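The values are calculated or read from the model by the stated rules, or taken from the named source; none is laboratory data. Bear in mind that the values here come from a model prediction, so they are computed numbers and not experimental data. Here the Cβ is made from the backbone with ideal geometry for all residues, glycine too, and neighbour counts use every protein chain on show. Only protein heavy atoms, including side chains, enter the accessible area calculation; ligands, DNA and RNA are left aside. Shrake-Rupley method; radii C 1.70, N 1.55, O 1.52, S 1.80 Å.
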Amino acid sequence: MRRLLLIFVFFSGLANYCFAQSSTDEELAQQYYFDKQYDKAVVYLEKVYAKRPSNMVYHNYIDCLIHIKDYKTAQKVIKKQIKVEPDNLILWLDMGNTCTMAGDEKGSADAYEKAIHNMTADRTQIIGLGKAFVDDKLYDYALETYKKGKSMQKGQYPFIFETAAVYKAKGDIENMTDCYLDALVMSESYIQSVQDALQINVGENADASQNSIIRKELLRYIQKYSDNEVFPELLIWMLIEQKNYADALVQVKALDKRKHEGGLRLMELARTCVANGAYDIGIQAYQYVIDMGAKNDNYVSSREEQLKAMYDKLLSGGDYTNEQLLAIQAKFRKGLDELTRYAYTVPLMTDLAHLDAFYLHNDSEAIELMNEAIDFPGIAAITRARCQMELADILLASGQIWDASLMYSRVETTFKEEPIGDEAKLKNATIYYYTGNFKWAKSQLDILKGATTKLTANDAMALSLLITDNTDDSAHLQPIILFAHAQLLDFQNHEDSVAILIDSVYNMTETRTLKEQIIMMRAQMAEKKGKPEEAMKYYEQDVKEYPDGMFPDRALYYMAQLEDKKLHDLNKSAEYYKQIIISYPGSIYIENARERYRHLSKDDAPPAVN
């Protein structure tokens with residue numbers, strides 16, 4: 001019995017010793033490997049691999065052997081691992097790469113061909129091998145992989161998008177494009193996938209030579225498959241991505257006529273053009289729909305939206321004359337007379353009223369027009385509320401402050417805890433701020449900090465903070481009183497008086513919040529006058545001097561928009577969007593910034609810095 005116990009103790013101790021030794025070998029191998037002392041690591045990895053030829057140990061062992069240029073041993077180890085994992089085709093790439101490093105080109109070619117030869121019809125295995133070849137920049141072998149895979153799949157899966165990705169990595173844009181277009185020949189349902197794949201190679205910031213190749217191939221497919229409408233649609237998408245709206249209009253007209261769409265696609269193009277500041281092309285697109293006649297379903301919408309586009313074009317330039325304003329007014333009036341004033345012309349009436357009140361100062365006509373719109377029977381409650389809000393704005397602009405307040409209160413009461421109700425409450429609180437009743441204004445603004453929309457909540461918070469910072473000392477209220485008056489004058493479009501007043505306030509105040517508000521106001525006034533370069537200077541000043549202030553994210557967003565749509569420096573625009581994403585992750589502009597950044601940079605938005 002005692003002898004048996006001694007034997008047990010002996011073997012237990014031996015097992016523990018062996019386990020400890022094995023553990024020590026692994027630890028030393030790992031330590032030397034991480035320290036990049038490959039000649040020392042390989043000694044221990046050889047021992048560990050002999051006992052436990054796991055995938056991770058194998059990779060570290062091969063890596064060490066390659067670093068010390070022991071290719072012969074590496075090839076022996078790879079052969080051993082192939083016996084352990086016969087279905088792992090990537091091991092043949094390891095063999096091929098090792099042969100290449102050893103100068104054995106025939107050996108490497110044989111290994112790569114064996115990998116392809118040993119493929120099964122398993123789609124996952126084929127794609128994995130193809131991607132592995134691409135990772136090693138062995139593009140021709142990747143193409144051979146997908147070609148054989150397509151044959152093995154017997155038409156079930158053609159590997160078109162994988163093959164296109166290989167051509168893209170290879171820099172062969174022509175064959176890449178043909179792959180994507182062949183996918184559309186197979187099925188038009190691939191259109192979104194093709195657009196997503198091509199987007200990085202087309203558009204505003206893409207390489208011009210690549211754009212040219214893609215367009216050439218696309219035109220070839222349009223001729224080859226003349227009855228297939230998916231290719232003209234893809235061309236239109238490409239032209240819009242490139243902001244080549246003039247050529248897009250030609251293509252859209254042709255497709256609209258062929259498909260008898262009644263101008264629907266032209267309306268979409270017109271809206272895209274106007275949204276991106278391409279007013280002239282947008283106006284032409286609307287005119288094409290108008291010329292289809294009054295019986296067309298899009299006739300009224302095209303008339304209204306064309307007038308709005310003309311109006312926006314004039315005002316966006318900033319440099320307009322009274323005669324130009326009167327000419328637009330005449331077009332609005334003619335449009336209303338021809339369409340007959342009714343519920344569906346409310347948007348047109350609202351725009352005309354705004355033009356009359358804020359630019360031509362025909363307050364009485366504007367008020368009469370909005371009252372007429374409000375009284376139309378059958379209009380939606382939200383549409384009526386929007387008209388009431390516009391009427392309140394006009395009353396405020398004309399100096400009828402308390403009538404405006406009453407109208408805002410009416411909307412607020414009707415739409416409690418809804419976005420338009422919160423907006424009305426904010427405007428009403430702002431009236432009290434304009435008139436110097438800061439205490440009451442602040443009490444209403446503080447309620448709005450929990451508003452249903454972030455923009456309303458942020459604006460309420462900013463105005464509340466401005467009031468708090470500038471009314472602590474009742475003996476020094478003049479700066480905030482004068483600034484509030486300047487903001488009212490700005491709302492009423494009395495720009496010359498505003499500029500003088502805010503300059504005086506800027507020089508007399510010491511509070512950061514008021515100075516920052518004035519900088520932003522100067523920027524927005526410059527934008528309104530059509531001076532984007534001047535506006536950029538003020539926005540840059542805000543970001544530089546008040547990075548932790550109330551508006552740096554807003555300033556960056558407006559800078560990005562100006563570079564994007566007015567100054568046309570897309571790289572700068574992308575950088576400003578990126579700065580918002582990184583520095584201001586809680587900004588109300590974050591989602592728009594991410595989306596536009598991805599589009600301009602053709603990359604994922606960077607992570608925010610917490």
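A few remarks follow.
- Verdict on Lys454 being buried (at least 16 other Cβ atoms within 10 Å of the Cβ), closer than 27 Å to Thr511 by Cα and among the basic types (Lys, Arg): no
- Residue within the stretch 394-411 that is over 25 Å from Ser316 (Cα atoms), open to solvent by 10 Å² or more (accessible area, probe 1.4 Å), in contact with a Lys or Arg (Cβ under 9 Å, 6 or more places away or on another chain) and of a type in the set (Asp, Glu) present: no
- Among the numbered conditions (1) more than 29 Å from Glu26 (Cβ to Cβ); (2) within 45 Å of the chain's Cα centre (by Cα); (3) not in a helix (DSSP H, G or I), the only one that Asn88 does not meet is (1).
- You will find that of Lys69, Lys106, Lys79, the residue that is over 24 Å from Tyr139 (Cβ atoms), in a helix (DSSP H, G or I) and among the charged types (D, E, K, R) is Lys79 and no other.
- Only a single criterion out of (1) surrounded by 15 or more Cβ atoms within 10 Å (Cβ to Cβ); (2) outside any helix (DSSP H, G or I) is not satisfied by Asp94, namely (2).
- In this entry, Asp548 passes the filter for residues that are closer than 17 Å to Asp469 by Cα and either outside any helix (DSSP H, G or I) or touching a Pro at 6+ places or on another chain (Cβ under 7 Å) (or both).
- Restricted to the stretch 488-505, and to residues there that are open to solvent by 40 Å² or more (accessible area, probe 1.4 Å) and not charged (D, E, K, R), the residue that is nearest to the chain's Cα centre (by Cα) is Phe491.
- Any hit, the stretch 511-521, residues being under 21 Å from Leu315 (Cβ atoms) and open to solvent by less than 60 Å² (accessible area, probe 1.4 Å): yes
- Residue match in the stretch 160-174 (condition: farther than 26 Å from Leu138 by Cα and open to solvent by less than 60 Å² (accessible area, probe 1.4 Å)): no
- Top-ranked residue in the stretch 192-223 [being open to solvent by 50 Å² or more (accessible area, probe 1.4 Å) and assigned to a loop (DSSP other than H, G, I, E, B); ranked as farthest from Glu174 (Cα to Cα)]: Asn205
Here's the yes/no breakdown for (1) at pLDDT 90 or above; (2) open to solvent by less than 60 Å² (accessible area, probe 1.4 Å):
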position: Asp35; (1), (2): no, no
position: Val42; (1), (2): no, yes
position: Pro53; (1), (2): no, yes
position: Asn60; (1), (2): yes, yes
position: Cys64; (1), (2): yes, yes
position: Ile68; (1), (2): yes, no
position: Lys76; (1), (2): yes, no
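- Of the residues making up the stretch 255-264, just one is of a type outside the set (Gly, Ala, Ser) and buried (at least 19 other Cβ atoms within 10 Å of the Cβ), namely Asp256.
- If you check Glu241, Glu304 for being over 28 Å from Lys331 (Cα atoms) and modelled with pLDDT under 95, only one passes: Glu241.
- Restricted to the stretch 267-295, and to residues there that are without any contact (Cβ under 8 Å) to a residue 24 or more places away in the chain and within 28 Å of the chain's Cα centre (by Cα), the residue that is surrounded by the most Cβ atoms within 10 Å (Cβ to Cβ) is Tyr286.
- Screening Lys150 on (1) surrounded by fewer than 21 Cβ atoms within 10 Å (Cβ to Cβ); (2) on the phi > 0 side of the Ramachandran plot shows it passes everything except condition (2).
- Selection within the stretch 111-124 - open to solvent by 40 Å² or more (accessible area, probe 1.4 Å), closer than 17 Å to Glu162 by Cα and in a helix (DSSP H, G or I): Arg123, Thr124
- Just one of the listed residues (Asp472, Asp446) is more than 26 Å from Tyr359 (Cα to Cα), open to solvent by less than 70 Å² (accessible area, probe 1.4 Å) and among the acidic types (Asp, Glu), and it is Asp446.
- If the condition is being surrounded by 21 or more Cβ atoms within 10 Å (Cβ to Cβ) and closer than 29 Å to Ala526 by Cβ, then the stretch 296-309 contributes Glu305, Gln306, Leu307, Ala309.
- Subset of the stretch 316-340 that is open to solvent by 30 Å² or more (accessible area, probe 1.4 Å) and in contact (Cβ under 8 Å) with a residue 40 or more places away in the chain - its residue that is nearest to the chain's Cα centre (by Cα): Ser316
- Of all residues in the stretch 416-440, those that are assigned to a helix (DSSP H, G or I) and either open to solvent by 30 Å² or more (accessible area, probe 1.4 Å) or closer than 20 Å to Gln492 by Cα (or both) total 15.
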